[in-house]
Amino acid sequence: MGDVELEIAGRLQQHRTVVAWLRWALAQEERTIRDLERQAEDERRRREAARRERSWTVTASRAAEGHPVLHRGNCGLARHGFGDLLDAEGVRAAIEEYPGLEMCQICRPWHSLGTDQPPTRPGPDEIAFP
């Protein structure tokens, strides 16, 4: 091999080394981006869970003659509420709009509202028939 061929082979090897390093650096950056995206999504989920824990929602009664029911925002029974999550002011408005509003006995929203447990309504097996 002549000097020119050695010089070209050396330069070619240098460029191949740079390309290999750039591929490695790109893979590192892509991994960092995926990690940051995952962290951002985890943080968004945590914020949403915290927001739900501090909120309430209203669902329609399951019985035709029943009353709407107030739930904590994270109650599993309230997956299909009337709409958005409510803050304390929204709960006050819901109580005014639905005077017969009941409170869920599972998630017990009265604790987060700072009120006493409301009296329970008699269930079907507790109603005395004459």
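Quick notes
- Each peptide in 100-113, 10-23 was scored by the mean count of other Cβ atoms within 10 Å over its residues; highest first, the order is 100-113, 10-23.
- Here's the picture: a label point sits 7 Å out from the Cα of residue 32 along the beta-carbon direction, and within segment 9-23 the residues with their amide nitrogen under 20 Å of it are 18-23.
- Divide the volume of the convex hull around the Cα atoms of the chain by the residue count and you get 173 Å³ per residue.
- Estimated 222 nm signal from helices in the chain, with DSSP H stretches of n ≥ 4 weighted -39500 (n - 2.57), rounded to 500: -17500 deg cm²/dmol
- Mean Cβ count within 10 Å, highest first, over the residues of peptides 46-58, 25-37: 46-58, 25-37
- HN-Hα J in Hz across segment 89-102 - Karplus 6.51, -1.76, 1.60, θ = phi - 60°, x for Gly and Pro: 5, x, 5, 4, 5, 5, 5, 5, 6, 10, x, x, 3, 9
- With all projection directions averaged, the alpha carbon convex hull of segment 1-75 covers 8.3 nm².
Here, each number is a calculation from the coordinates, and none is a lab measurement. Source: prediction; values computed, not measured. Counting neighbours? That spans all protein chains shown, and the Cβs are built from the backbone with ideal geometry, glycine included.
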